[in-house]
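Q: Following this message is one structure expressed as structure tokens.
The values are calculated or read from the model by the stated rules, or taken from the named source; none is laboratory data. None of the values given here were measured: they were computed from a predicted structure. Methodologically, a virtual Cβ is constructed for each residue, glycine included, from the backbone with ideal geometry; neighbour enumeration extends over all protein chains shown.
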Amino acid sequence: MCPLAACPAAEPKVVRLRPSCELSSLVSPTVLRVRGYRFYFFSREERRAHVHVQHASGEAKFWLDPAIELARNYGLSPSRLAAAQRLIREYEDEIRHAWKTHFRR
């Protein structure tokens with residue numbers, strides 16, 4: 001059974017966390033899949049709120065606090081980075097809620 005539950009079937013869809021016993025979903029849960037991007041957390045990283053972004057062309061990490069900003073880029077083009085940052089802003093409330101739920105903060 002899939003450890004993630006999707007919102008109603010409208011695209012783009014926001015994937016919400018749901019408790020699971022599968023290690024992969026506990027260590028790096030996906031919180032959003034939209035327009036070819038996967039947004040996820042690593043459970044054993046620093047305490048400062050952030051989100052990782054994966055795309056076929058590369059990956060990046062964005063800080064959520066104190067403001068949304070690029071922390072590191074691993075191969076995404078400037079246009080892909082800009083698109084990822086726009087999506088983070090668009091889904092900021094859902095991403096922050098998922099962070100607080102997952103890390104219980």
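Q: Do the conditions hold for Arg80, that is, is it among the charged types (D, E, K, R) and crowded, with 16+ Cβ neighbours inside 10 Å?
A: Working: among the charged types (D, E, K, R): yes; crowded, with 16+ Cβ neighbours inside 10 Å: yes.
Here the answer is yes, as Arg80 does meet what is asked.
Q: Please work out if Tyr74 is over 19 Å from Ser43 (Cα atoms) and touching a Leu at 6+ places or on another chain (Cβ under 9 Å). Even if it seems obvious, please write down each step before you answer.
A: Values: over 19 Å from Ser43 (Cα atoms): yes; touching a Leu at 6+ places or on another chain (Cβ under 9 Å): no.
Against the criterion (over 19 Å from Ser43 (Cα atoms) and touching a Leu at 6+ places or on another chain (Cβ under 9 Å)), Tyr74 does not qualify.
Q: Looking only at residues in segment 21-53 that are crowded, with 20+ Cβ neighbours inside 10 Å and assigned to a loop (DSSP other than H, G, I, E, B), which one is modelled with the highest pLDDT?
A: For segment 21-53, the residue satisfying everything is Phe41.
Q: So which residues in segment 38-54 are over 14 Å from Tyr74 (Cα atoms) and more than 8 Å from the chain's Cα centre (by Cα), if there are any at all?
A: Phe42, Ser43, Arg44, Glu45, Glu46, Arg47, Arg48, Ala49, His50
Q: Further question on the same structure: Within segment 54-105, restricting attention to residues that are of a type in the set (S, T, N, Q) and assigned to a helix (DSSP H, G or I), which residue is nearest to Tyr37 (Cα to Cα)?
A: Here is the first cut: in segment 54-105, the ones of a type in the set (S, T, N, Q) are 54, 57, 73, 77, 79, 85, 101.
Then drop every residue that is not assigned to a helix (DSSP H, G or I), which leaves 79, 85, 101.
Details: Ser79: 13, Gln85: 11, Thr101: 21 Å.
Within segment 54-105, the match that is nearest to Tyr37 (Cα to Cα) is Gln85.
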